[in-house]
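To start, the structure under review is shown below, and the notes come after it.
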Amino acid sequence: MDTQAKIYIKNNKINKEILLNTLSEGEEVFSISEYGDACLTFETPFSDSYILVETFDKEEGTIVRGGEEVFINRHLINDGSVTSLVPAKYILKYYFNGKFYDYNFSVTSDSLEFEHLKVIKDSLEDLLPNITKNLLSSKRLNSSCEEGYSSEFELYHYLSEHYNELVFNLNAIKKNPLNELIKQHQKCRFSKNPDYKTHRFYQKKGITGFETKDGEYIHLEKKINYTLDIPENKWLFQALDKLNNIFSKHISKLNNEILYLKKSNESHNKEIKSKKSEYDRISKKYQVSKQSLNNLQNKIKYLESEMNKNSKLIKKLEPYKEKIFLQNQIITSFLYSEFFNEVSNKRSPIKNPIKIIKNKKYGWLYNFIESIGQFKENSSKNFNFFNSKPTWLLFEYFSVILFIQALLDLGFKWESGWISSNKEDFSLKGLESETEIIFTKDNIKAILFYDKEIEEIKEMDKEGFDSSLSKNRRPDILIGFFDHENNLINSVISEVKCCRGNNIYQNSYSTKNFEQMKNYLNICYKPLNQRIKRSVVSKVLVPYPLQKQTIKRNNCPFEEDIKFIPIKASSQINESIGFTIIKDNLEELISDYL
């Protein structure tokens, strides 16, 4: 009989047996690919032992008992959706004999090195906090190995997790606050222990000075009382006031975000009904092409997926809002209670008194506020991270930033769209599909469309890009250049590919990716009240991660029309490898009009 606990990890590259008792705690057990299936089996002779491991389909981790098998990672499910774990180090826990032993496993990217990916994340987070986060998914990552990006969502999670502790400590402070003994001489109707101050009072006032109208006498007696008017309680008031402001700000932000998502869903719902009605109307006509019907179906599916994503986000935001609101109510009621009536000069500046650190209840509140104030440093230590978005999407975002920076370096001014006015509005939204960003320079206007579906234009009184001659309708980036009369000067499409070069182009045959790029050259433009103009897309630029072997073409007829651009990110956007090529290609398109 085998007396050792083992795990078996299998995928298309490895088939590995690992003895857990040979590992040091905190050691990496295995590594798997971001895009690929991976299966874990646990074998143990001990009935009470089990493995707790992060898997692609659960947020709280999966318990694997002896003899059980689970998929840690899956790339494609039946519906074709991508659900894989993203590159990071994840915790794997082994429970044995009443104790957990902590290990980790890593998920790596097929197309980007870890350092390259980290630079991309850093650059994106510097531009817009939370943009790299998948706010619908949380996993417990290995904090000793992760760089850690704090997100607003994680702060909500943190506040929500500490709700009960905050309530408990505030109630405990209210029942038994810090105070000090003070000696006072008070007027009273009789004196038990007259002292020298009492006698001085008699001498000063005389016998009539302390005799009342009723003929009773008033005495000045020494008393010992408790007072709350101490530096610790001044600090407490200011700390609670600070928390109140923090919570109020986040409640307002959550309300705005939920309202935005609900309005977005209402808009999507109206469009879905309109598209379904149109589909029902034209599907009965035999002369309607299958492509038109497929385009309508794809649009409906896209809108439904956006609605589903928004609904999930609303479902996740509302419990946070409710708990933060309840916490703030408790803090507000405490702030305006009689407790602070005795405390004078509550808002005057004060250093943190030493006693608050020594007192358990005040000390907890101090540490709680410090954790919020230094959230980026502390966030990785105590609770779940929210997953990063998939590597391909992060690379796509970074490519958008490269094009934006290229336009700015060419002298264009960022007029409107996305984060041009207020970054806070997009702290949870990130970069959304169908985003339009407008730039201007002299008499030229440039409009950058991100992930916009280009539809067929069937009416003469409409204008815009048209996909009548193209099978592919949703390029990652489309930039149109217009003159002062809004006439199209030139345009360029960018299709971002975060994959190996041989998946993009082969000399011996045409890949699906290359066919897609050729199709984008067929995108047309429909001016107002004019016929459609063909061949308006001058170039298709294809950013892809820099690799040891760059894409080489032999006698390709599309060499000038479709350009492959290897990208390696730098902390300075305009110093990234590939940036100059993007900038030069954009400049070439408009050089005759400047």
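The values are calculated or read from the model by the stated rules, or taken from the named source; none is laboratory data. Since we're looking at a predicted model, the values are computed, not measured. Positions of Cβ are backbone-derived with ideal geometry, glycine not excepted, and every protein chain shown enters the neighbour counts. Note: accessible area is taken over every heavy atom of the protein model, side chains too, but ligands, DNA and RNA are not part of it. Shrake-Rupley method; radii C 1.70, N 1.55, O 1.52, S 1.80 Å.
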TODO: Mind running the shape call on segment 459-594? Use the C-alpha gyration tensor, a ≥ b ≥ c as the square roots of the eigenvalues: rounded below 1.5 for a/c, prolate if a/b tops b/c, oblate otherwise.
DONE: oblate
Task: Where trypsin sites (Lys or Arg not before Pro) fall in DSSP loop in segment 291-349, at most 15 other Cβ within 10 Å - done: ARG347
Open item on the list: Check which residues have an amide H placed less than 5 Å from GLY464's amide H, if you skip close sequence neighbours.
Closed with: LYS526
TODO: At 0.36 nm per residue, minus the direct Cα-Cα distance, what do ASP409 and SER570 gain on full extension? Give it in nm, one decimal, please.
DONE: 56.3 nm
- [ ] Report the label-to-label distance for GLU304 and LYS548 in nanometres (one decimal), using points 7 Å from each Cα along the Cα→Cβ vector.
- [x] 4.5
TODO: Please work out the average accessible area per residue across segment 296-379, using the 1.4 Å probe convention, and give it in Å².
DONE: 60
TODO: Just check segment 469-519 against the gyration tensor rule for me: Cα atoms, a ≥ b ≥ c as the square roots of the eigenvalues, rounded for a/c under 1.5, and otherwise prolate or oblate depending on whether a/b exceeds b/c.
DONE: prolate
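Per residue, how much accessible surface does segment 403-460 expose to a 1.4 Å probe? Answer in Å², no decimals. Let's see the in-between values first.
Values: 2550 Å² over 58 residues.
It amounts to 44 Å² per residue over segment 403-460.
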- [ ] Between ASN269 and GLN291, take the C-beta separation as r, use R0 = 30 Å, and let me know the FRET efficiency to the nearest 0.05.
- [x] 0.70
TODO: Counting only DSSP beta bridges with both residues in segment 440-594, tell me the antiparallel percent, nearest 5.
DONE: 65
Open item on the list: Taking θ = phi - 60°, what integer Hz values does the Karplus form 6.51 cos²θ - 1.76 cosθ + 1.60 yield along segment 310-317, in sequence order, with x for Gly and Pro?
Closed with: 5, 5, 5, 5, 4, 4, 7, 6
- [ ] Starting at the first residue of segment 544-550, write each ³J(HN,Hα) from the Karplus equation 6.51 cos²θ - 1.76 cosθ + 1.60 with θ = phi - 60°, in whole Hz, x for Gly and Pro.
- [x] 8, x, 4, 10, 4, 10, 7
Task: From phi via Karplus (6.51, -1.76, 1.60), per-residue ³J(HN,Hα) for segment 128-134 in Hz, x at Gly/Pro - done: 8, x, 5, 5, 7, 8, 8
Task: segment 31-70: Rg to Rh, with Rh as the Kirkwood radius over Cα pairs - done: 1.00
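Do the alpha carbons of any pairs in LYS441/LYS539; LYS497/LYS552; LYS270/LYS413; LYS242/LYS323; LYS413/LYS583 sit beyond 25 Å of each other, and which pairs?
LYS270/LYS413
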TODO: With the Cα gyration tensor of segment 259-381 in hand, convert its eigenvalues to equivalent ellipsoid semi-axes via √(5λ) and list them largest first in whole Å.
DONE: 58, 17, 10
TODO: Would you mind checking which residues have amide H under 5 Å from GLY66's amide H? H placed 1.01 Å from N; only 5 or more apart, or other chain.
DONE: none
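Determine the order of MET307, MET460, MET517 by accessible area, beginning with the largest, at a probe radius of 1.4 Å.
Working: MET307 45, MET460 105, MET517 0 Å².
I get MET460, MET307, MET517, largest accessible area first.
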Open item on the list: Taking amide H atoms as placed 1.01 Å from N in the peptide plane, list the residues 5 or more away in sequence, or in a different chain, whose amide H sits under 5 Å from that of LEU92.
Closed with: TYR103, ASN104, PHE105
Task: Solvent exposure, largest accessible area first (probe 1.4 Å, DNA, RNA and ligands not counted), of LYS452, LYS290 - done: LYS290, LYS452
Open item on the list: My understanding is that a pair violates if its Cα-Cα distance is over 18 Å; which of LYS299/LYS423; LYS276/LYS312; LYS301/LYS452; LYS462/LYS518 do that in this structure?
Closed with: LYS299/LYS423; LYS276/LYS312; LYS462/LYS518
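Per residue, how big is the convex hull around the C-alpha atoms of segment 385-504? Give it to me in cubic angstrom, could you?
Expressed per residue, the convex hull around the Cα atoms of segment 385-504 is 152 Å³.
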TODO: Return an integer: the convex hull volume of the alpha-carbon atoms of segment 1-52, in Å³ per residue.
DONE: 98
TODO: Keeping all protein chains in position, work out how much accessible area TYR163 exposes to a 1.4 Å probe, and write it in Å² to the nearest 10.
DONE: 40
Task: Shape call, segment 531-582: gyration tensor on alpha carbons, a/c limit 1.5 - done: oblate
TODO: For segment 535-579, state which GluC sites (Glu not before Pro) are in a DSSP loop and have at most 12 other beta carbons lying within 10 Å of their beta carbon.
DONE: GLU559, GLU560
Open item on the list: If you filter segment 480-568 for chymotrypsin sites (Phe, Trp or Tyr not before Pro), then keep DSSP loop positions with at most 11 other Cβ within 10 Å, what is left?
Closed with: TYR509
Open item on the list: Restricting to Cα pairs below 8 Å that are 6+ residues apart, what does the relative contact order work out to for segment 256-365? Please round to a whole percent.
Closed with: 30
